[in-house]
Amino acid sequence: MSLITQLLQTLQGMAGFAGPGVQIVNVTEPADVHLELDVTTAERYSCGFRELRLNVPPFSHTAPGQLKQWADDVCQRVTYLLEQLDTIEFDPQTGQAQIRSTRPDVQADQTRYYEIVLQMPGQLRLNRYQVIPGMPREQIDVQATHEVLQKLVPDLVQTALTGK
C-alpha cells in the first residue's frame, strides 16, 4: 500500500481528534520511505500538524551537490502551498539545505512562513512558524486538506527519489 494511501486512511480513522498534544502517525512504503506526521487535529477532509518528517533511504548515498538539486526541485514542484518556496541556504559541509517561504504571509503584527530543512542522508522536515515583533519565532500548525497532502507527500518523495 502506498505511503499516501496509508496516511490518508490513518487520518480518516482519526477524524474528530483535537489534542491535547500530538498524535504521531508513522507510515512506511515498501521502498523503505518513512513518513512521520505530528497530528494536532484531524477532521474528515483536513488536519493540522506540527511537523512532517520524511526519511528517504534510497537518497542516502548521494553527494552534497545532489542535495542542493533536491532543494531546488522541491521549490519548483511544491507550488500550491500558501506561499512560494525558495532555497535560502545550502551548506555542503554539513549536507543541509534550508527552504523557506519567499514572501511570508504578513497580517497585522504577525508573519507566518513555511520552513523545510533537508539533511543528508535523505531526511526532510516541514514546519510552519509565526513571528510577532519583539517575540521569538513560534512553531505553529500547518493546516492542510487531505487533497493537499495527497499531492504534497508524493511530490516530496518523488523529488528525493528522482531529482525532479
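The values are calculated or read from the model by the stated rules, or taken from the named source; none is laboratory data. What you see is a predicted model, and the numbers here were worked out from it, not measured in a lab. Here the Cβ positions follow ideal geometry from the backbone for every residue, glycine too, while neighbour counts run over all protein chains shown.
Any chance segment 1-8 includes a residue that's in contact with a Cys (Cβ under 8 Å, 6 or more places away or on another chain) and closer than 18 Å to Leu126 by Cα? So far as segment 1-8 goes, no, none of its residues is in contact with a Cys (Cβ under 8 Å, 6 or more places away or on another chain) and closer than 18 Å to Leu126 by Cα. If only one of Leu3, Leu81 is of a type in the set (A, V, I, L, M) and within 17 Å of Ile140 (Cβ to Cβ), which one is it? Within the list Leu3, Leu81, the selection yields Leu81.
Restricting attention to segment 114-147, the residues that are buried (at least 18 other Cβ atoms within 10 Å of the Cβ) and of a type in the set (Ser, Thr, Tyr) add up to 1. How many of the residues in segment 134-151 are touching a residue at least 40 places away in the same chain (Cβ under 8 Å) and either in a loop (DSSP other than H, G, I, E, B) or not acidic (Asp, Glu) (or both)? So the answer is 11. Residues in segment 107-129 that are of a type in the set (D, E, K, R) and modelled with pLDDT of 95 or more: Arg112, Glu115, Arg125, Arg128. Could you list, in sequence order, all residues of segment 1-20 that are touching an Asp or Glu at 6+ places or on another chain (Cβ under 9 Å), farther than 27 Å from Thr162 by Cα, of a type outside the set (A, V, I, L, M) and surrounded by fewer than 16 Cβ atoms within 10 Å (Cβ to Cβ)? Correct list: Gly16 only.
Yes or no, residue by residue, for (1) farther than 25 Å from Pro20 by Cα; (2) in contact with a Cys (Cβ under 9 Å, 6 or more places away or on another chain):
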| position | (1), (2) |
| --- | --- |
| Ala63 | yes, no |
| Thr79 | yes, no |
| Phe90 | yes, no |
| Glu138 | no, no |
| Leu149 | no, yes |
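Of the set (1) surrounded by 15 or more Cβ atoms within 10 Å (Cβ to Cβ); (2) in a loop (DSSP other than H, G, I, E, B), all apply to Thr111 but (2). The set of residues in segment 55-86 being touching a Lys or Arg at 6+ places or on another chain (Cβ under 8 Å) and in contact (Cβ under 8 Å) with a residue 40 or more places away in the chain consists of Asp73, Arg77, Tyr80. Looking at the structure I just gave you, is Val157 crowded, with 16+ Cβ neighbours inside 10 Å and at pLDDT 95 or above? Criteria not met by Val157.
When segment 114-133 is examined, which residues are found to be in a loop (DSSP other than H, G, I, E, B), within 16 Å of the chain's Cα centre (by Cα) and among the hydrophobic types (A, V, I, L, M, F, W, C)? Within segment 114-133, Met120 is the sole residue that qualifies. Of the strands (runs of 3 or more DSSP E) lying entirely inside segment 24-106, those containing at least 2 residues that are under 19 Å from Gln6 (Cα atoms), hydroxyl-bearing (Ser, Thr, Tyr) and modelled with pLDDT of 95 or more are 34-42.
Tell me which residues, restricted to segment 44-55, are in contact with a helix residue (DSSP H, G or I) (Cβ under 9 Å, 6 or more places away or on another chain) and either surrounded by fewer than 17 Cβ atoms within 10 Å (Cβ to Cβ) or not hydrophobic (A, V, I, L, M, F, W, C) (or both). Passing the criteria: Arg44, Tyr45, Ser46. Is it the case that Asp91 is surrounded by 15 or more Cβ atoms within 10 Å (Cβ to Cβ) and either free of Cβ contacts under 8 Å to residues at least 24 places away in the same chain or in contact with a strand residue (DSSP E or B) (Cβ under 8 Å, 6 or more places away or on another chain) (or both)? No.
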